[in-house]
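First the structure, in the form of structure tokens, and then the observations on it.
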Amino acid sequence: MGVSFWATLGLTIAGMMTSVVLFSLIGSAVHDRYVARQRAKNKPMFSKKNRRIVSVWKRFGMSGIAFLTPVLFTPIVGTVLATVLGVSKSRILLHMLWSAVFWGFAVTLTLYKLSHLPFLQFLQK
């Protein structure tokens, strides 16, 4: 699309951090609404997925949640999850920022290096 590497990286980081800032402010409300809906449907509180998330939290803390957020959880879910687990907004922002920089750089660099391959030619149009 003609966008430079650094512009792509900056926009990628800005996009994730916009979600993180917004949902760190309203994360508890989103979680409370989700729990109320789950209870109304008589769904169990502790699913297999929830247990895995808690095990990641116990083992790796906020760093683990931040590292996995872009690839497994999405910035919205990762931020709400960290908020619900009691992480301060400043720690959420710090950890999500390094995660956004790391993953943004990795994905952007990979796409720029591999853009000459035939199956990625659509990126250049």
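The values are calculated or read from the model by the stated rules, or taken from the named source; none is laboratory data. If you're wondering where the values come from, they're calculated on a predicted model, not measured in any experiment. With ideal geometry, Cβ positions are generated from the backbone for all residues, glycine too; neighbour counts draw on all protein chains shown. Side chains included, ligands, DNA and RNA excluded: accessible areas come from the protein's heavy atoms. Shrake-Rupley method; radii C 1.70, N 1.55, O 1.52, S 1.80 Å.
On the principal axes of its Cα set, how long, how wide and how thick is the chain? Give whole Å, largest value first.
Per principal axis, max minus min of the Cα coordinates gives 50, 30, 26 Å.
Enumerate by residue number the trypsin sites (Lys or Arg not before Pro) in segment 14-122 meeting two conditions: DSSP loop (anything except H, G, I, E, B), and at most 14 other Cβ atoms within 10 Å of the site's Cβ.
Lys41
Mind listing which chymotrypsin sites (Phe, Trp or Tyr not before Pro) in segment 1-88 are in a DSSP loop and have 12 or fewer other Cβ atoms within 10 Å?
Phe46
Take the Cβ-Cβ distance between Ser28 and Ser55 as r, set R0 to 22 Å, and report the resulting FRET efficiency rounded to the nearest 0.05.
Efficiency at R0 = 22 Å is approximately 0.45.
So what is the 222 nm mean residue ellipticity for the chain from helices alone, if each DSSP H run of at least 4 adds -39500 (n - 2.57) and you divide by all residues, rounding to the nearest 500 deg cm²/dmol?
-26000 deg cm²/dmol
Averaged per residue, what accessible surface does the chain expose to a 1.4 Å probe, in Å²?
For the chain, the solvent-accessible area averages 67 Å² per residue.
By how many degrees, between 0 and 90 and to the nearest 10, does the Cα long axis of helix 48-68 differ from the longest principal axis of the chain?
Relative to the chain, helix 48-68 is tipped by roughly 50 degrees.
Given R₀ = 35 Å, FRET efficiency for Leu93-Lys41 by Cβ-Cβ distance, to 0.05?
Between Leu93 and Lys41 the formula returns 0.60.
Number of Lys pairs in the chain with C-alpha atoms less than 30 angstrom apart, excluding same-chain neighbours closer than eight positions?
Eligible lysine pairs with Cα atoms under 30 Å apart amount to 10.
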